[in-house]
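Notes to accompany the following structure.
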Amino acid sequence: MEMFYFMVFGGLAAVVAVLELSKSSRDRVNTPTAFNAFKNNYLLVYSLMMAGDWLQGPYVYYLYSQYGYGKGEIGQLFIAGFGSSMLFGTIVGSLADKQGRRRASVTYCITYILSCVTKHSPHYKVLMLGRVLGGIATSLLFSAFESWLVAEHFKRGFDPQWLSLTFSKAIFLGNGLVAIMSGLFGNFLVDNLGLGPVAPFDAAACFLAIGMAIIMSSWTENFGDPSENKDLLTQFRGAAVAIASDEKIALLGAIQSLFEGSMYTFVFLWTPALSPNGEDIPHGFIFATFMLASMLGSSIASRLLAHQSPRAESYMQIVFLVSAAALLLPVVTSFVIAPNGVKGGGISFSGSVQLLGFCAFESCVGIFWPSIMKMRSQYIPEEARSTIMNFFRIPLNIFVCVVLYNVDAFPIIVMFGMCSIFLFVACLLQRRLMAISEIQKPRAQDWTAMRDVEEEPLNA
């Protein structure tokens, strides 16, 4: 079965290479030197931030188990991380709009470095503190950096269309290439050098410190709503009103929560799905394959976002539909393919089919990230961007906590079926978002034309 893994990995690598090398002048956007310098600076920082995150991921569970903690206690630590992201992370992340996005990005680095330091202690309370700090850092990672980028991009007067270039390249690097390299580097530190499972966390802290130094030396500060008379409660109330009064923002939040909730559930389920009878599967190699599939998706997204048509609101309907079908595969194979009751051995035929479907899902993840970033930059008001983005993460974190708490209560196929339904609902909501945007776009164009007509006598 090793040949099967290499065929899947090699096929994905070949497709990614072909897509990147075959980009024509029509797929590439000529941008000025000033924008390229700005984009490359952000990509360097974002890649370092993601390296600090990806280095830790594969070894968190393993480190806790090495300290002698059981599945129940480790589950509580994971729930604490998501709960912290929902409660404290929402507050800290929302402060970025008022206190500054650059300052929030530096806070992310400091918070995550402290979280890495706690991994040196085997004491449960210290590890719990580390999970709380990690939850806060996660909220900042997925709100402060994007908010800083969007505000700085427009403040410098760059073309709005160029924002898609930065988004797609950031996902290609940060969620693809950097993830693969981080996994290999972590494996090198732990297995080849024999430094133990805490070594990746020390390496992550180093990358985060380097990124923080670059932020402090090269980034300027920007704010959402810097008015002095608005406290945090007023900010929350304003963000809630914005979500309730604009259906497009509410739809974006629901779509994001449904997709990311399914994605995080998939992270916990793919291992038992591919090895239900204790099959010997190469976890690291499969993880690298998933990340390569995500790179493929981001490469496709970069081509789509480089043009005005099709719009993200349109093609994301297909992406969600494909995602729903991909995560429905474990349910279908459980009924169509007879289960293999033999313990151990290599991956089964059913597992091979599911692996291909999971790669398709990861490709959809690669398309999702830059596309949702693009839509958020269009629809979310600048003055409350970080606050609203952290509001979106509240239902996501509640959902993941509930799944983690009940992970043993339902069969795997029920969990996958639930995720598939959520993704289909996301497809329907995306269709609604597309309809609203199409209705309102002509109105905006008519208003612009009317304004131009009114200004003509003044210009004459």
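The values are calculated or read from the model by the stated rules, or taken from the named source; none is laboratory data. None of the values given here were measured: they were computed from a predicted structure. As a convention, Cβ positions derive from the backbone with ideal geometry for all residues, glycine included, and neighbour counts pool all protein chains shown. Side chains are part of the model used for accessible areas, which takes the heavy atoms of the whole protein and leaves out ligands, DNA and RNA. Shrake-Rupley method; radii C 1.70, N 1.55, O 1.52, S 1.80 Å.
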Given a 1.4 Å probe, the accessible area of the chain per residue, as a whole number of Å², is 44
Here the membrane-span-like helices of the chain, with no claim about any membrane, defined by DSSP H, Cα axial extent at least 30 Å and mean Kyte-Doolittle at least 1.6, are 312-336
Ignoring ligands and nucleic acids, I367 exposes an accessible area, probe 1.4 Å, in Å² to the nearest 10, of 20
Once normalised by the length of region 248-387, the mean sequence separation of its alpha carbon contacts under 8 Å that are 6 or more apart gives a contact order in percent of 42
For region 52-167, the percent of accessible surface on carbon and sulfur atoms (probe 1.4 angstrom, ligands and nucleic acids excluded) is 67
Among K39/K248; K248/K374; K39/K374; K98/K155; K169/K374, the pairs whose Cα-Cα distance exceeds 20 Å are K39/K248
Percent relative contact order for the chain, counting Cα pairs under 8 Å at least six residues apart, stands at 26
With -39,500 (n - 2.57) per DSSP H segment of 4 or more residues and division by the full residue count of the chain, the 222 nm estimate, nearest 500 deg cm²/dmol, is -27000 deg cm²/dmol
Between I110 and A14, the FRET efficiency computed from the C-beta separation at R0 = 30 Å comes out, to the nearest 0.05, as 0.10
Zone reached by a paramagnetic label modelled 7 Å from N187 Cα along Cα→Cβ, restricted to region 274-301 with backbone N below 14 Å, covers 281-292
Highest mean packing first, using Cβ neighbours within 10 angstrom, the peptides 265-278, 45-58 sort as 45-58, 265-278
Scattering profile of region 289-405 from the Debye formula, Cα beads only, expressed as log10 I(q)/I(0) at q = 0.14, 0.17, 0.21, 0.22 Å⁻¹, is -0.78, -1.01, -1.22, -1.25
Applying the gyration tensor rule to the Cα atoms of the chain (axes a ≥ b ≥ c; rounded if a/c under 1.5, else prolate if a/b exceeds b/c, else oblate), the class is prolate
